[in-house]
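The values are calculated or read from the model by the stated rules, or taken from the named source; none is laboratory data. This is a predicted model, so every value here is computed, not measured. As a convention, Cβ positions derive from the backbone with ideal geometry for all residues, glycine included, and neighbour counts pool all protein chains shown. What goes into the accessible areas is simple: the full protein's heavy atoms, side chains included, and nothing from ligands, DNA or RNA. Shrake-Rupley method; radii C 1.70, N 1.55, O 1.52, S 1.80 Å.
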Amino acid sequence: MTQIRLTIDGETVEVPAGTTVLEAAEKAGVRIPTLCHHPDLTPTGACRMCMVEIEGMRGPTTACTLPATDGMVVKTKTEKVIDLRRFVLSMLLSDHPNDCMRCEADGNCELQDLVYEYDVEWPTHTGLRHNRPVDSDPSPVILADMNKCILCGRCVRVCSEIQGCDVWNFSERGFDTVIVAGAKQDMLAAGCESCGNCVAYCPTGALFDRVAKGWGRAAHQKKVRTTCTYCGVGCQFDFNVNTQTGKITRVTSTPEAPANGMALCVKGRYGWDFIHSDERLTTPLIRDDSMTEGQYPGFREATWDEALDLVAQKLVYHRDNNGPDSVGYLSSAKCTNEENYLMQKLARAVGKTNNVDHCARLCHASTVAGLATALGSGAMTNSIADCTGEAKLYFVTGSNTTEQHPVIGIKMRKAIREQGVKLIVADPRKIDLCNLATLHLQHRPGTDIALFNGIMREILVNGWEDKEYIAARTENFEAFKETIMKYTLELTEEITRVPADKIKEAARLLAENKPGAVFWAMGITQHTTGTMNVMSLANLQMLLGNLGVRGGGVNPLRGQNNVQGACDLGALSNVYPGYQKVVDPAMKEKFEAAWGVKGLPDKIGLTVVELMNAAHSGEVKALYILAEDPMTSDPDLNHVREALQNLDFLVVQDIFMTETAKYADVILPGACFAEKEGTFTSTERRIQRVRKAVDAPGISRPDWQVLCEVATRMGYPMHYNTPSDIMDEIAATTPIYSGVHFWRLDAGEPLQWPVRGDDHPGTPILHVGQFARGKGLFTANEHIEPREAPDDDYPFTMTTGRVLYHWHGGEQSRRSKNLMALYPEPLVEINPDDAARMGIAEGDKLQIASRRGEFVARAWVTDRVASGLIFGTMHFPAGNANWATGAFLDPIAKIPEYKVSAVRVQKIV
Amino acid sequence: MNVVSTEIMPDDPVVVPEKKAHMDAILDANRDRPGATMLVLTLLQEEFGYVSLPMQNYISEQLKVPLSHIYGVLTFYSSFRMTPIGRHQVNVCMGTACYVRGGPTVIDKLEQVLGVKVGETTEDNRFTLDICRCVGACSQAPVVMIDDDVIGRVKPQDIAKLLRKYE
Ligand code: SF4
Ligand code: SF4
Ligand code: SF4
Ligand code: FES
Ligand code: FES
């Protein structure tokens, strides 16, 4: 790129051609005031604050839109431009309410700052001023006061360029120009996703967070940088804490956040208010059936000493009398890395059992198993930035990305809209991304392998495979090819019901647009063939040579905020931290030495669903559940309930009285992510800090401290001063984390594992040059029908998933007033043809029943689902689709088939 | 609070088959041209005399242009209307003389009597209410024009009676 030199206020600066004068000034250390400009958005030159004078040019011009040229001489502080800026500000004030005194944005308003800096007097004119409604939109999360709007247009550009929703625009003209949503509608009616990103970019108080109104202004707030507790994208943001009340007032975004920048989704920005919910547990509780009254019938309040002693005594009793494997430990993808490490250490070193697992078993166990087989490492191979930013094509399958991983979803939308990236969606449902898709393959649920095989055969038949890559970097190609060749277009169409020409088109698009990135989530993993589904996708990417390159990769999107970390730190029944196998004697020896114990168990333990089965049959007598809620998240809830009731002892450590906690003997109140220190690892293997913003309610304690207490009382003294000390121990025992320390993270280093040492920078892309296992392994996978097919009694196929506004079992999101205002009750998607045939109207109550159980939810009549298919969620206890799902397991990864159940649908009158 | 009625009038071009066909023809002929949105909106305005919200929604879907952009264009240029023109055109003068001598009160009254806002048409299609610039009858301010009749010295309380003779 050619460099140019220019002079700004006497400073000479060198910048690449194409830089604007504003950007060049920034580089020269000269500040030019701006209002409409934002570095993330297309410049428009609307506000004229950034006027500068250029030698040889007639009259001042706007620096934000003017490209710098070689030899340019720029003056930013002449009397003329200063006067102009004062005039601009004075004009803005002439139609602005004099309301700083009680404005929420006081101390945090770019207009206020500039008026102060330029010492502009309040205009005394008596001419026209607008008098618009002060709270003009009923959005439950956003407060709009267009009297304070300065028409900078940032909200218009954010919503279009970043969020891809195009809610806002200018309407009318001249003096009457005003920002409106859609065709002057309510924001929600105009397609608003309530991300609040327009609020984040608004320079004044025109757009603000409704929740934060009246909670305190900038002067009384401190900011605490932390990581979101909802999904695995790993967005970072600042909690604003009112130092007088000790309460969180709002979330503000920061351009320094590595994964998301200024963007957040509705859950991250507005879903945090569960933290201060009055339903939080505040004290330990012990079962006492004589307590029939009070907030928690069946329980009495207890001291920490009493509760912890009881837990320790019971766990020791069962370990010593019924054998170590009579006790199970469920760790948590919501908790920090440090806590997961301690939980598995407690199970293994103190409990002497490998019966420790967590809900990753229910979401991506098949990803971990499938990718470990094919490539040697079970995680997302690329970084969010390169696989969404540099790919020429996205192949999205079994991931409703814009709702489940919203910030990755908006990056995809932006690249598709602005860079013309091609998109193939392979999904039985018409998800929102289909609106932007080049091609939508709407296959029958549970026929993924056949679909991928059919596409790969087309690639082979046309000679589009990357022969060099296959020869150099992979093995077992011939055996794979033999299987693939059976999946002719005719056969594939018959199995999947995807028309043959669409399969051909998919193959062509994949071959012509490289590198392509594959993304998936639970739609691929939660099948009895989950592991093979994943291996098929690895096949596809090896066939195309799309692995180990920027813009390519196999990219499983991990669900929970820290499901990646919980796996990494060994909360799995078969591996120690860092995926070191429990059956490997060398590893056993290593951890015995590290933990100062003898006789670590060397047999693989029970997984989540197996633990429930063992509890049901009486083999497992006691369970310690840390911040998980199997009574909403496991399949076949009637079976889970019987299992929990059958236990001799159940201890649940959580922040709310969850559905599971209702069956507990002891409940230990934990601290949520805003109340403790630690780290989470996001889907792109990025380890990020979680920081304490507020105190935990009542006498509840950070979970890592509780785990230390239990271990100590069980006879294994466990003590750490801070989570940072725990991380140091992790680094010493876990090769992929060996360079991870709080001091590096706090210094702002962006670390993605493997981090091989204190001076190793981390690994943004896996498998560059060579696969973790050496050669990539092609596998031959055959189509197998899902375990349950619709029949006369249960004629519908039900598939399950989540919605934008809620999270998993909903323990947090249902206690967020903001999210509940946006999505108050469970809905089941049903196709208009089926609905018409059965006389079902939008909003009718439906009862959905399978062979195992039933639930009730309202109908959303929509062609998002094909005829014969319905879609349910797990966010609301009574409307939880898991009353109906089955616990059919993938034989390798032991993941249940949530995605296909046979059900019948009845209208309730 | 802002909700524009999403109700579809029985004679809206999106529901009347011949009109719909005409709309589609205009859309099809222009969808791939540069500046298609402006072109289509102008042609539809000429053809039907207005571009209703249901029409805007339809155009937005067809051209894959956000509704907010279409609405922005329609409100920016004064040549566009969003409601059909009624049988009689009521224009309230908002020139300086009329403005200071009660024009705004006349508008308030008209809005109340007709049950529509400036720029809109009554449901029975009888009147369209609008404002206009000085019509050169300043001495009789405030002035209202109904079709070609210039009515001066309008008193708000006379308005209901005034409208009666326009069927
Ligand atoms: S609402 Fe805020 S961001 Fe939008 S144009 Fe007005 S001042 Fe700018
Ligand atoms: S909240 Fe998000 S989707 Fe809604 S208008 Fe603002 S930027 Fe657009
Ligand atoms: S995308 Fe995920 S991490 Fe980001 S704010 Fe939303 S829920 Fe939180
Ligand atoms: S900042 Fe340059 S015109 Fe607004
Ligand atoms: S101002 Fe109304 S007629 Fe001149």
> When Rg is the radius of gyration of the Cα atoms in region B:1-112 and Rh is its Kirkwood radius, what does Rg/Rh come to?
Replying inline: 1.05
>> Counting only other residues whose beta carbon sits under 12 Å from that of A:Thr681, what net charge do I get with K and R as +1, D and E as -1?
In response: +1
> Which of the GluC sites (Glu not before Pro) found in region B:66-153 are loop residues per DSSP with 15 or fewer other Cβ atoms within 10 Å of their Cβ?
Replying inline: B:Glu123
> What's the FRET efficiency of B:Asp11 with A:Phe175 using the Cβ-Cβ distance as r and R₀ = 25 Å, to the nearest 0.05?
Replying inline: 0.10
>> Could you give each residue of region A:146-161 its phi-based ³J(HN,Hα) in whole Hz, using Karplus coefficients 6.51, -1.76, 1.60 with θ = phi - 60°, and x for Gly or Pro?
In response: 6, 5, 9, 6, 10, 6, 6, x, 5, 4, 4, 6, 4, 5, 7, 7
> Once fully extended, how much extra length lies between A:Arg851 and A:Ala789, figured as 0.36 nm per residue of separation less the alpha-carbon to alpha-carbon distance?
Replying inline: 21.1 nm
> When the distances between all Cα atoms of the protein assembly as shown are binned every 20 Å from zero, what whole-number percent does each bin get?
Replying inline: 11, 38, 35, 14, 2, 0
>> Between A:Ala472 and A:Glu256, what is 0.36 nm times their sequence separation minus the Cα-Cα distance? Round to one decimal in nm.
In response: 73.8 nm
> Restricting attention to the alpha-carbon atoms of region A:124-276, what are Rg (one decimal) and Dmax (integer), both in Å?
Replying inline: 16.2, 55
> How far apart, in nm, are two points set 7 Å out from the Cα along the Cα-to-Cβ line at A:Lys213 and at A:Asn435?
Replying inline: 2.8 nm
>> Place a point 7 Å from the Cα of B:Glu167 along the Cα-to-Cβ direction; which residues of region B:124-155 have their backbone N under 11 Å from it?
In response: none
> Taking K and R as +1 and D and E as -1, what net charge do the other residues with C-beta under 13 Å from the C-beta of B:Cys98 add up to?
Replying inline: +3
> How big is the equivalent ellipsoid of region A:688-814 along its three axes, where each semi-axis is √(5λ) from the Cα gyration tensor, reported in whole Å from largest to smallest?
Replying inline: 38, 29, 17
> Mean 1/r over all different Cα pairs, inverted: what Kirkwood radius does region A:550-703 give, in Å?
Replying inline: 17.8 Å
> Assuming R0 = 22 Å, what is the FRET efficiency of A:Asp288 and A:Glu619, from their Cβ-Cβ distance, to the nearest 0.05?
Replying inline: 0.20
> How far, in degrees from 0 to 90, does helix A:608-617 lean away from the longest principal axis of the Cα atoms of chain A, to the nearest 10?
Replying inline: 40 degrees
> Given the Cα atoms of region B:88-164, and with Rh set as the inverse mean 1/r over their pairs in the Kirkwood sense, what is Rg to Rh to two decimals?
Replying inline: 0.93
> So what is the 222 nm mean residue ellipticity for the protein assembly as shown from helices alone, if each DSSP H run of at least 4 adds -39500 (n - 2.57) and you divide by all residues, rounding to the nearest 500 deg cm²/dmol?
Replying inline: -8500 deg cm²/dmol
> Loop-only check: which trypsin sites (Lys or Arg not before Pro) in region B:86-167 are DSSP coil with at most 11 other Cβ within 10 angstrom?
Replying inline: B:Lys117, B:Arg133, B:Arg164, B:Lys165
> Per the Kirkwood definition applied to all pairs of different Cα atoms, how many angstroms is the hydrodynamic radius of region A:365-556?
Replying inline: 16.2 Å
> How large is the dipole of the protein assembly as shown about the Cα centre if only Lys and Arg carry +1 and Asp and Glu carry -1, each at its Cβ, rounded to the nearest 20 debye?
Replying inline: 1060 debye
>> Compute the helix-to-body angle for A:703-713: its Cα long axis versus the longest principal axis of chain A, expressed 0 to 90° and rounded to tens.
In response: 30 degrees
>> Run the count for region A:307-440, please: Lys pairs, Cα-Cα under 22 angstrom, 8 or more apart or on different chains.
In response: 11
> In units of 2.2 N^0.38 Å, what is the alpha-carbon radius of gyration of region A:20-66?
Replying inline: 1.07
> Roughly how many debye, to the nearest 20, is the charge dipole of chain B about its Cα centre, given +1 on each Lys and Arg Cβ, -1 on each Asp and Glu Cβ, and no other charges?
Replying inline: 660 debye
> In terms of the Cα gyration tensor, with a ≥ b ≥ c the square roots of its eigenvalues, is region A:779-902 rounded because a/c is under 1.5, prolate because a/b exceeds b/c, or oblate?
Replying inline: oblate
> What is the Cα centroid distance between region A:272-340 and region B:104-167, reported in whole angstrom?
Replying inline: 74 Å
> So what is Rg over Rh here for region B:17-76, counting just Cα atoms and using Kirkwood for Rh?
Replying inline: 0.91
>> What percentages make up the Cα-Cα pair-distance distribution of region A:214-263 when the bins are 5 Å wide from 0?
In response: 5, 24, 27, 19, 15, 9, 2
>> Placing +1 on the Cβ of each Lys and Arg and -1 on the Cβ of each Asp and Glu in the protein assembly as shown, which of A:Ser633, A:Asn539, A:His276 has its Cα farthest towards the positive end of the resulting dipole?
In response: A:His276
> Among A:His783, B:Thr37, A:Leu600, whose Cα lies farthest out toward the positive end of the dipole of the protein assembly as shown, if unit charges sit on the beta carbon of Lys, Arg (+1) and Asp, Glu (-1)?
Replying inline: B:Thr37
> Which FRET efficiency value, to the nearest 0.05, is calculated for A:Asn321 and A:Thr42 with the Förster distance at 51 angstrom and r the Cβ-Cβ distance?
Replying inline: 0.15
> How big is region A:1-79 on each of its three principal axes, counting only the C-alpha atoms and giving the largest first in Å?
Replying inline: 30, 28, 22
> Roughly how many nanometres apart are two label points built 7 Å out from the Cα toward the Cβ at A:Thr2 and A:Glu782?
Replying inline: 6.5 nm
> Of B:Thr105, B:Val90, B:Gly115, which is farthest along the charge dipole of region B:83-167 in the positive direction, counting Lys and Arg as +1 and Asp and Glu as -1 at C-beta?
Replying inline: B:Thr105
> With heavy atoms of protein chains only and a 1.4 Å probe, what residues of region B:66-82 have at least 50 Å² less accessible area in the full set of chains than alone?
Replying inline: B:Ser68, B:Tyr71, B:Thr75, B:Phe76
> Taking a probe of 1.4 Å, how large is the accessible area per residue of chain A, in Å²?
Replying inline: 36 Å²
>> If I fit a long axis through the Cα atoms of helix A:585-595 and take the longest principal axis of the Cα atoms of chain A, what angle between them do I get, 0 to 90°, rounded to 10?
In response: 60 degrees
> Taking the alpha-carbon centroid of each part, what is the distance from region A:814-892 to region A:1-39 in angstrom?
Replying inline: 55 Å
>> Using all alpha carbons of region A:97-169, what is the percent of pairwise distances in each 5 Å bin, ordered from the shortest bin to the longest?
In response: 3, 12, 17, 25, 21, 12, 7, 3, 0
